[in-house]
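Enquirer: My structure is below; once you've seen it, I'll send some questions.
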Amino acid sequence: MKVGVLGAGTMGAGIAQVAAQSGHRVVLVDVNKDAIESAKEKLRKIIERLIEKGKWTDEYGNGVYGRIKFSTEMQDFEGSGMIIEAIVENIEVKHAVFSKLESIVDEKCILASNTSSLSIAAIGSILKNPSRVIGIHFFNPAPLMPLVEIIPAVQTSESVTKEARSIIDSWEKVTVLAKDTPGFIVNRVARPFYGEALRIYEEGIADFATIDWAMTALGGFRMGPFTLMDYIGNDINYTVTESVFKAFYYDPRYKPSFTQKRHSEAGYLGRKSGRGYFDYSENAVALSP
Ligand code: NAI
């Protein structure tokens, strides 16, 4: 089966890799030519490293790379059995692309979104056949994180849910069915982790590095909240919080933070921009609590 992935950013490139590793022909599409070039380069480097380390053979690595077509044309999705959308977390933009996708693929193609927080029912509402919409939510980095949430909307047919889940299971992921509610399971649990860390900082209790150190060295977490937000991208993380906050009728438990908003507005997006709460540039000075 041919798999389409729309959006070649943090998530899309990794999802395309996972699908290609499972033997699918993959088309990875992004409107931005630079994003496509950078995804191509990044994947080439990842594969080279895995071959160098002896984890992959040349043949397997070249096979994975060769199965992915990098493109800026959505028309290349023609003939796909499933498309996973991983573009900006914005319902209007997602509506525009889902509408277009439906005009390119045939009736049987599953149309999935990797959204972290938007309603799958709302995304599907734009489709002529909304029974084929589904949420397939990977975690970052997609090739390494085993869990994937499968989120049927009220319009999704049982056969689409079953098929989507069995495809993702066959990609050696661990799937969990989640209800179509804001943040699904993991992102909802994670909101207070980020939110309280930002509030602790804003109340002057501790700085970013100290909070992260406490959570990793003492709390047993693999990553502190600020390192994790920098990893995810502050723009995406902020937008997801704002969307969950609104979707829960402005429940203060999910209130977004000005600190994160300002970091995002300043372009301090995290690792991907070289600076977030921490500095990732070459001359960065290591911070300690
Ligand atoms: P990103 O900002 O890294 O990448 C988005 C890509 O979509 C960009 O390359 C952009 O050029 C492209 N794009 C924007 N509009 C487009 C359009 N109309 N057509 C084609 N391409 C378009 O975003 P990221 O982080 O990969 O997030 C994508 C989706 O995945 C969002 O819905 C987000 O909520 C979700 N997600 C993000 C996670 C993360 O840790 N960053 C984790 C799980 C889900």
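Enquirer: Tell me the net charge near I205. Cut-off is 14 Å between Cβ atoms, I205 excluded, with +1 for each Lys or Arg and -1 for each Asp or Glu.
Expert: -4
Enquirer: If you don't mind, there's one more thing I want to ask. Based on the Kirkwood radius over alpha-carbon pairs, what value in µm²/s does the Stokes-Einstein equation return for the translational diffusion coefficient of the stretch 187-273 at 20 °C and 1.002 mPa s?
Expert: 164 µm²/s
Enquirer: Residue by residue through the stretch 10-19, what is 3J(HN,Hα) from phi via Karplus (6.51 cos²θ - 1.76 cosθ + 1.60, θ = phi - 60°)? Round to whole Hz and write x for glycine and proline.
Expert: Calculated HN-Hα couplings, in order: 3, 8, x, 4, x, 5, 4, 4, 4, 5 Hz.
Enquirer: Could you state the angle between the C-alpha long axis of helix 33-52 and the longest principal axis of the C-alpha atoms of the chain, as a value from 0 to 90 degrees rounded to the nearest 10?
Expert: Tilt relative to the chain: about 80 degrees.
Enquirer: Set the bar at 22 Å for Cα to Cα. Now go through K33/K94; K2/K45; K2/K173; K179/K246; K173/K255; K100/K246 and name every pair that lies beyond it.
Expert: K2/K45; K173/K255; K100/K246
Enquirer: Sticking with this one: Please name which of H263, V240, H24 has its Cα lying farthest along the dipole of the chain towards the positive end, using unit charges on Cβ (Lys, Arg +1; Asp, Glu -1) and the Cα centre as origin.
Expert: Looking along the dipole axis, the top candidate is H24.
Enquirer: In addition: Suppose every K and R has +1 on its Cβ and every D and E has -1 on its Cβ; what is the size of the dipole of the stretch 187-273 about the Cα centre, in Debye to the nearest 20?
Expert: For the stretch 187-273, the charge dipole is close to 280 debye.
Enquirer: Then there is this: So how far, in whole Å, is the C-alpha centre of the stretch 90-150 from the one of the stretch 177-195?
Expert: 17 Å
Enquirer: Length gain on complete extension for the stretch S125 to H95, per 0.36 nm per residue less the alpha carbon to alpha carbon distance?
Expert: 10.0 nm
Enquirer: Given the DSSP H assignment, sum -39500 (n - 2.57) over each helix run of at least 4 residues in the chain and divide by its residue total; what's the result at 222 nm in deg cm²/dmol, nearest 500?
Expert: Result for the chain: -13500 deg cm²/dmol, rounded to the nearest 500.
Enquirer: A follow-up question, please. Using a Gaussian network model of the chain with C-alpha springs under 10 Å, which one of S170, S264, S116 is most mobile by mean-square fluctuation?
Expert: S170
Enquirer: If R0 is 30 Å, what FRET efficiency do you get for E52 and S170 from their C-beta distance, rounded to 0.05?
Expert: Efficiency, rounded to the nearest 0.05: 0.60.
Enquirer: Still on this structure, I have one more. Taking the chain as a Gaussian network, where each spring joins two C-alpha atoms under 10 Å apart, which residue of A164, A39, A266 fluctuates the most?
Expert: Most flexible of the set in this elastic network: A266.
Enquirer: Pick out, in residue order, every one of the GluC sites (Glu not before Pro) in the stretch 123-206 that is DSSP loop and has at most 13 other C-beta atoms within 10 Å; say none if there are none.
Expert: E172, E203
Enquirer: At 0.36 nm per residue, minus the direct Cα-Cα distance, what do E107 and L177 gain on full extension? Give it in nm, one decimal, please.
Expert: 22.8 nm
Enquirer: Viscosity 1.567 mPa s, temperature 4 °C: what is the translational diffusion coefficient of the chain from Stokes-Einstein with a Kirkwood Rh over Cα pairs, rounded to a whole number of µm²/s?
Expert: D = 65 µm²/s.
Enquirer: Using 1/(1 + (r/R0)^6) with R0 = 35 angstrom and r between the beta carbons of R253 and E59, what's the FRET efficiency to the nearest 0.05?
Expert: 0.10
Enquirer: If you plug each phi of the stretch 190-200 into the Karplus form 6.51 cos²θ - 1.76 cosθ + 1.60 with θ = phi - 60°, what whole-Hz ³J(HN,Hα) values come out, in order, with x for Gly and Pro?
Expert: Whole-Hz 3J(HN,Hα) from phi for the stretch 190-200: 6, 3, x, 4, 6, x, 5, 4, 5, 5, 4.
None of the figures in this text is laboratory data; all of them are computed from the coordinates on show. Note that the structure is a prediction, hence the values are computed from the model and not measured. Here the Cβ is made from the backbone with ideal geometry for all residues, glycine too, and neighbour counts use every protein chain on show.
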